[in-house]
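One structure is given below, encoded as structure tokens.
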Amino acid sequence: MDMLGGISAAQFLNQYWQKKPLVIRQAFPDFQCPVSADELAGLACEEGVESRLVIENDDGKPWQLHNGPFSPDRFSSLPQHDWTLLVQGLDHWVPDIADLLEHFRFVPNWRLDDIMASYAPKGGSVGPHFDQYDVFLLQAQGHRRWTFGGHCDHTSPRVDGTPLRILSSWTGEETVTLAPGDMLYLPPGIGHYGVAEDDCITLSVGFRAPTVDDILTGFTDFLCAQSDAADHLTDPDLEVQHNPGTIAPEVIDRVADVIHHKLNDRRQLSLWFGQYTTAPKSMEIVVPPDEPITPEVLCEQVQDGARLRWNEGSRFAYHDLGEEIALFVDGEQYLLKGDARPLAPLLCAGARIDTSRLATLVEDPAIGGLLSHLCNQGSVYFE
């Protein structure tokens, strides 16, 4: 893949993914940033947009963090240099930014987090740090000097007096300067420090995985919401005990059986995981359209060549359960059987849905009904 510096996606995943950094010169040749610094500042003033300011020296305090939304005059009071504006989930609000994600579909949809924009004047930075997720750092405007290398963890020394996790005694192993179109991939746990050499914008394409805590608490909460969760532990074979205070081994065996039975239910695990990983980060953007659409009208538009695309904040995935396929959209599940099964991989392949293939499927009233439902809840829309 040209975006990966001439190596294939399979080679990248085998040799670099979660293993070591990769500098890719001109991953996106002649790249033009779809947003300006002023537009990022405007977004940072909006309710529902997650934004932050990081100031390296804020009245003598190191690396101070300020959360948005901000008032417009906040930006006129900033120092000339050594600060950074971060806008999270930029792909949710800017379709041209969301389109960049199509280049990263060699990583499963469920691993994607979002695209964050980082604007900084000369000297701006968020300090030396490490992340617990994979990230591609695409230079979109200006130049940023990156120093990176060395594995870090929770024991790595940090700067005091700041809410940020800034590394205090870290030097890195390699330094590069990225120009527009250049990209740096960093696995989790790799220390890195990016400093703006001029007014610059960096786009961070982040990929996250759930923690063990997320998995355990999320799945058990899901199981507790099932109808049989109200069933009681039974003991029809109860016998008289020598001491009533004893908890017999048979009781522990019975409790263990209940837990093992629930945790080993792969169908329930699959349904929970699909819903969990497709839950949108922001419900502010997945909203119903002003005018609902009927299945008949949707069918006509698709067959006339109109193209459906995902809402920029929506998430799609599917899992093959054998006789049926579970389609997951924005934290909801839809079980597809028979002739409807091909709809799931078609909807999940990319943000722009193949109209020619969809045109034959929408003739099925059930599929037309499902697609109109997805339109009417705001998960897909006609371009």
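Considering only residues that are of a type in the set (A, V, I, L, M, F, W, C), open to solvent by less than 100 Å² (accessible area, probe 1.4 Å) and not in a helix (DSSP H, G or I), look in the range 229-259 and name the one that is farthest from THR217 (Cα to Cα).
Keep residues of the range 229-259 that are of a type in the set (A, V, I, L, M, F, W, C), which gives 229-230, 233, 238, 240, 247-248, 251-252, 255-256, 258-259.
In the following step, the residues that additionally are open to solvent by less than 100 Å² (accessible area, probe 1.4 Å) were identified as 229-230, 233, 248, 251-252, 255-256, 258-259.
Within this subset, residues satisfying the condition of being not in a helix (DSSP H, G or I) are 233, 248.
Working: LEU233: 21, ALA248: 28 Å.
In this case the residue turns out to be ALA248.
Looking at (1) crowded, with 16+ Cβ neighbours inside 10 Å; (2) within 30 Å of PRO345 (Cβ to Cβ); (3) touching a helix residue (DSSP H, G or I) at 6+ places or on another chain (Cβ under 8 Å), can you tell me which one PRO188 breaks?
Going through (1) crowded, with 16+ Cβ neighbours inside 10 Å; (2) within 30 Å of PRO345 (Cβ to Cβ); (3) touching a helix residue (DSSP H, G or I) at 6+ places or on another chain (Cβ under 8 Å) one by one, PRO188 breaks only (3).
Across the range 158-184, what is the total count of residues that are exposed (fewer than 11 other Cβ atoms within 10 Å of the Cβ) and farther than 19 Å from VAL54 by Cβ?
1
Starting from the range 212-235, keep only residues that are in contact (Cβ under 8 Å) with a residue 12 or more places away in the chain and more than 20 Å from PHE273 (Cβ to Cβ), then list their pairs with residues that are part of a helix (DSSP H, G or I) and open to solvent by less than 80 Å² (accessible area, probe 1.4 Å) whose Cβ atoms are within a distance under 6 Å, requiring at least 6 positions of separation or different chains.
As it stands, the answer is none, since no pair meets every condition given.
Evaluate the following for ARG307: is it out of contact with any Gly (no Cβ under 6 Å at 6 or more places or on another chain), touching a residue at least 24 places away in the same chain (Cβ under 8 Å) and closer than 28 Å to ALA209 by Cα?
Details: out of contact with any Gly (no Cβ under 6 Å at 6 or more places or on another chain): yes; touching a residue at least 24 places away in the same chain (Cβ under 8 Å): yes; closer than 28 Å to ALA209 by Cα: no.
In short, no.
May I ask you to list the residues in the range 319-332 that are closer than 14 Å to SER379 by Cβ and either open to solvent by 20 Å² or more (accessible area, probe 1.4 Å) or not aromatic (Phe, Trp, Tyr) (or both)?
In the first step, residues of the range 319-332 are kept if they are closer than 14 Å to SER379 by Cβ; the result is 327-332.
Across the range 319-332, the qualifying residues are LEU327, VAL329, ASP330, GLY331, GLU332.
Is the range 274-288 home to any residue that is over 20 Å from the mean Cα position of the chain (by Cα) and either modelled with pLDDT under 95 or open to solvent by 20 Å² or more (accessible area, probe 1.4 Å) (or both)?
First, pick out the residues of the range 274-288 that are over 20 Å from the mean Cα position of the chain (by Cα): 288.
Narrowing further to those that are either modelled with pLDDT under 95 or open to solvent by 20 Å² or more (accessible area, probe 1.4 Å) (or both): 288.
Checking the range 274-288: at least one residue is over 20 Å from the mean Cα position of the chain (by Cα) and either modelled with pLDDT under 95 or open to solvent by 20 Å² or more (accessible area, probe 1.4 Å) (or both).
The values are calculated or read from the model by the stated rules, or taken from the named source; none is laboratory data. Nothing here was measured: the structure is a model prediction, and the numbers come from that model. Please note: Cβ atoms are built from the backbone with ideal geometry, for glycine as well, and neighbour counts cover all protein chains shown. Each accessible area value is taken on the protein alone, full model and side chains, heavy atoms only, with ligands, DNA and RNA left out. Shrake-Rupley method; radii C 1.70, N 1.55, O 1.52, S 1.80 Å.
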